[in-house]
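For reference, the structure is listed below as structure tokens.
Read the figures in this text as sums done on the coordinates, not as results from a lab. Please read all numbers here as calculations on a predicted model, not as lab measurements. Backbone-built Cβ (ideal geometry, glycine too); neighbour counts: all protein chains shown.
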Amino acid sequence: MSPALIAASLWAIAATVVALLPMRWQYPPGIALLIAAPVLLGWIAMLHGVVPMLVGTLAFLSMFRNPLKYLAYRAMGKPWEGPA
């Protein structure tokens with residue numbers, strides 16, 4: 001297994017552990033994971049191509065769908081009603 005895939009696996013485990021934390025403790029590590037994701041996805045794309053990167057992108061979007069929705073609503077100036 002390549003270093004990029006090992007790092008992505010560790011990222012997924014870290015994201016799972018962060019999700020188990022109380023909400024007030026999720027923000028700092030969650031933001032770090034959110035920032036690290038594009039770097040990992042780019043690394044995967046460089047080593048393995050576009051298809052594995054797209055699989056990783058789908059996994060990332062699935063795990064961070066509510067924070068990404070929140071950021072999208074804020075960017076559009078709409079009020080956020082929380083996860084449905």
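Some notes on this structure:
- Largest to smallest principal axis extent of the C-alpha atoms in region 3-76, angstrom: 36, 29, 16
- Backbone phi angles across region 59-73, fed through the Karplus curve with coefficients 6.51, -1.76 and 1.60 (θ = phi - 60°), yield HN-Hα couplings of 5, 4, 5, 5, 6, 10, 5, 6, x, 5, 5, 4, 5, 5, 4 Hz in residue order; Gly and Pro are listed as x.
- Cβ-Cβ FRET estimate between residue 48 and residue 20, R0 fixed at 25 Å, reported to 0.05: 0.30
- Whole-Å distance, taken between Cα centres, linking region 57-82 and region 42-56: 23
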